[in-house]
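To start, the structure under review is shown below, and the notes come after it.
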Amino acid sequence: MFRFLKGQFWLNRPDHKVVLALGAGVGLAAQALTVFMTLYTREPETVLLGSGVTLILGLFFLTLVFAGHFFIEFDLGLSMGATRRRMLAAGLFNCLCLEGILLAVTAVLRALEWAMYAGWLQKSIPGLRSAVDFMGLLLSLPLWGKLLLLAGPVFLGFVSGVLIQRFGRKGFWVLWGAFMLGFVLPTNALSWDTALLRTAAGLAGLLGMLGWVGAAAAAALGGWAVWLALHASVRSE
């Protein structure tokens, strides 16, 4: 298994380079725009966007990459004789590698961003302060929020890719139904004008209930996706 995963790592090097290049490019462009606007306007407030924007856009992009991996490369591996367990492990391993690269790029951008803000920009504009620190907001999330932020793209990409691999275009309807149950209905539930929701305890109770229901639904959907992946058929097209 270790040799197989090592081979998959080298096989997916082009994806690693794309994530590295796009992450660095988007982050540096956002930082350059921030520096230009700060020096041009000479306002006493600035916005730190580079690293935070890179992380959010990168995770969204990786969700699509993960879905494509479990939809296309999973089929390809099975057709070439790899076992389903190995391809499932390789897919999850590739997800972790790509997220690790994105986090490393984000960390470097964060260090550069803070060095420019605390050093050069504050010397150029005395009294400069940060009005919005996007990455700071993300870092202030509780532990479960950080884990959800990082695990979400892997989960969504895996489930989406497996459902499309198994059901084809019908898989989009399954995803639509899951989206309606997992996001639209809970959002509408928060808008119900009842006496229960007018109290902090009532609102906290509803949010807690929706959280447990969402976690149970995600576990059921994830378990079903794992079962589908381990029983996937080899398509001949």
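Listed values, structure above:
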| read-out | value |
| --- | --- |
| Ile56-Phe167 pseudo-label distance in nm [points 7 Å out on the Cα-to-Cβ vector] | 3.0 nm |
| Estimated dipole of the range 1-76 in Debye, rounded to 20 [Cβ of Lys and Arg +1, of Asp and Glu -1, Cα centre] | 320 debye |
| Efficiency of FRET from Cβ geometry, Leu149 and Phe4, R₀ 25 Å, rounded to 0.05 | 0.25 |
| Environment charge at Trp176 (Cβ cut-off 12 Å; Lys +1, Arg +1, Asp -1, Glu -1) | +2 |
| Environment charge of Gly23, counting only residues whose C-beta is closer than 13 Å and scoring Lys/Arg +1, Asp/Glu -1 | 0 |
| Interchain or long-range residues, amide H under 5 Å from Thr83's placed H | none |
| Local net charge near Phe66, Cβ-Cβ under 11 Å (Lys/Arg +1, Asp/Glu -1) | -3 |
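Taken together, the values in this text are just the output of simple stated rules run on the coordinates, not laboratory data. The model shown is predicted, which means the values in this text are computed figures rather than measured ones. Because the Cβ atoms are built from the backbone with ideal geometry, glycine has one as well, and the counts that use them run over all protein chains shown.
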